[in-house]
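Before any comments, here is the structure.
The values are calculated or read from the model by the stated rules, or taken from the named source; none is laboratory data. Keep in mind that this is a model prediction, so the values were computed, not measured. Positions of Cβ are generated from backbone atoms using ideal geometry, with glycine treated the same way; all protein chains shown enter the neighbour counts.
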Amino acid sequence: MSARVGALCGHFEDIEQQRGAERLGMWMFLATEILFFGGVFLAYTVYRNWYSKDFAAISSLLNVTIAGINSVFLLVSSMTITFAIRACQLGNNSAQRKYLLATALLGSAFMGLKAYEYATDYHEGLVPWSSNFGKETLHGHEKPMLQVWEEEGVAPERVKMFLFFYYCMTGIHGVHLIIGIACVLYLYIRSVNKSLTADKYVAIEVTSLYWHLVDAIWLFIMPLLYLAGPHTTHQLGL
Amino acid sequence: MAHKDTSPTAQIPDYDKKEVDNPGKDVDTPGQIFMVFFVVLIGLFATIAASMSGLGDKAIYVHMLISIVQVSFIGFFWMHMKKADQMTWLSAGSALFVMLILFVLPLADFLTRHRGGL
């Protein structure tokens, strides 16, 4: 039997068949991920429909600016990982390394901002076990949120339900992103070692499939959680 | 007239012919990558703008519509569905179909009740 190209494993007839199998394997995994997140989104849909006023009230207190910046980080990272595939296919190792590093850094920046946002939320009492959800300033007078909500008919226990969803959905998404960052860094190390050559570009492509899915899920999480209530340009610092 | 080669060696796949590999033959163009980026970025700004437009409870429908468009672009171009084989389309389509069932059956229950009617 003749020699085979470096990336080809013995049980495949040719390299395209192997690449097809690798892509299909990742898509099968993504299918399970879609169903996993689908269950969470379904539960959120039901509760939001039941407690729309309560969910809108607490959603207005979340930091839309950070969510918006984080969205841009993720979208840019999705673009850079697509450029990394292109660079790998064209055999441009230098550009491939830069794009992979940029992807990992943008993902890390997302997680860094998320950690800052969690810390801010914690200090403002936006946690499911809170008994005090901060204060609202109106005409220079501070008023406890609980008192404001009581006047508006918003139930604190339903607000806690929203916060449970908020931490659950963003937390699961964050764990997925951390796994994605680890995978991208692994590809970066392989690129530095020059072992991720053009014939093995599918390694970046299947990782990018996962990365794009995590990005796509965020594109649903962001409006569902952060934009559930009415917002003003003041909340964006405009 | 040429005779078909029926010898045993003729049945062995010629790996050398199949191994002509050119990974750079079908790459995404920078223009296409940027086009998708700008579409999803505009979608993001439109999503935030919709929440400030006074649509109230109706804003969610606009948000979800924009998100679906954004994800469609990402899936079709960046996830390479446009050049994917039938098995990949079947896998992705099956996932979406089963998710549709996941949503439709429980929500149908809520639709038929007084409390929580959508």
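Results for (1) more than 7 Å from chain A (Cβ to nearest Cβ); (2) modelled with pLDDT under 90, shown as yes or no for each residue.
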| site | (1), (2) |
| --- | --- |
| B:D21 | no, yes |
| B:I48 | no, no |
| B:G54 | yes, yes |
| B:D57 | no, yes |
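Identify, please: which residue in the stretch B:66-89 is surrounded by fewer than 18 Cβ atoms within 10 Å (Cβ to Cβ) and not hydrophobic (A, V, I, L, M, F, W, C) and is, among those, farthest from the other protein chains (Cβ to nearest Cβ)? Top of the filtered list is B:K82.
Considering the stretch B:51-74, and only residues there that are in a loop (DSSP other than H, G, I, E, B) and not aliphatic (A, V, I, L, M), the residue that is nearest to A:T65 (Cα to Cα) turns out to be B:S53. Being touching a residue at least 12 places away in the same chain (Cβ under 8 Å) and not in a loop (DSSP other than H, G, I, E, B) is the requirement here; does A:L61 meet it? The answer is no for A:L61.
Tell me, please, whether a residue that is under 27 Å from B:F38 (Cβ atoms) and within 9 Å of chain A (Cβ to nearest Cβ) can be found in the stretch B:90-103. Yes.
Annotation note: of A:V46, A:V72, the sole residue that is assigned to a helix (DSSP H, G or I), farther than 25 Å from B:F103 by Cβ and among the aliphatic types (A, V, I, L, M) is A:V72.
Condition check for A:T80 on (1) without any contact (Cβ under 8 Å) to a residue 40 or more places away in the chain; (2) farther than 26 Å from B:A50 by Cα; (3) more than 12 Å from the chain's Cα centre (by Cα); (4) away from chain B (no Cβ under 14 Å): one failure, at (4). Restricting attention to the stretch B:22-65, the residues that are touching a residue at least 24 places away in the same chain (Cβ under 8 Å), surrounded by fewer than 16 Cβ atoms within 10 Å (Cβ to Cβ) and among the charged types (D, E, K, R) add up to 1. Which one of the conditions (1) more than 30 Å from B:K83 (Cβ to Cβ); (2) at pLDDT 90 or above does A:N49 fail to meet, given that it meets all the rest? Failing condition for A:N49: (2). Taking the listed residues A:A87, A:A21, the one that is surrounded by 17 or more Cβ atoms within 10 Å (Cβ to Cβ) and either farther than 30 Å from B:K58 by Cα or within 20 Å of the chain's Cα centre (by Cα) (or both) is A:A87, with no other qualifying.
Can you say whether A:V64 is buried (at least 18 other Cβ atoms within 10 Å of the Cβ), more than 23 Å from A:A203 (Cα to Cα) and at the interface with chain B (Cβ under 8 Å from one of its Cβ atoms), as far as the supplied structure shows? Yes: the conditions hold for A:V64.
Quick grid of which residues meet (1) at pLDDT 95 or above; (2) over 22 Å from B:F45 (Cβ atoms); (3) among the hydrophobic types (A, V, I, L, M, F, W, C):
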{"site": "A:L75", "(1), (2), (3)": "yes, no, yes"}
{"site": "A:S78", "(1), (2), (3)": "yes, no, no"}
{"site": "A:F83", "(1), (2), (3)": "yes, yes, yes"}
{"site": "A:G91", "(1), (2), (3)": "no, yes, no"}
{"site": "A:Q96", "(1), (2), (3)": "yes, yes, no"}
{"site": "A:T103", "(1), (2), (3)": "yes, yes, no"}
{"site": "A:G107", "(1), (2), (3)": "yes, no, no"}
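All of (1) in contact with a helix residue (DSSP H, G or I) (Cβ under 6 Å, 6 or more places away or on another chain); (2) part of a loop (DSSP other than H, G, I, E, B); (3) of a type in the set (A, V, I, L, M); (4) surrounded by fewer than 19 Cβ atoms within 10 Å (Cβ to Cβ) hold for A:L113 with one exception: (2).
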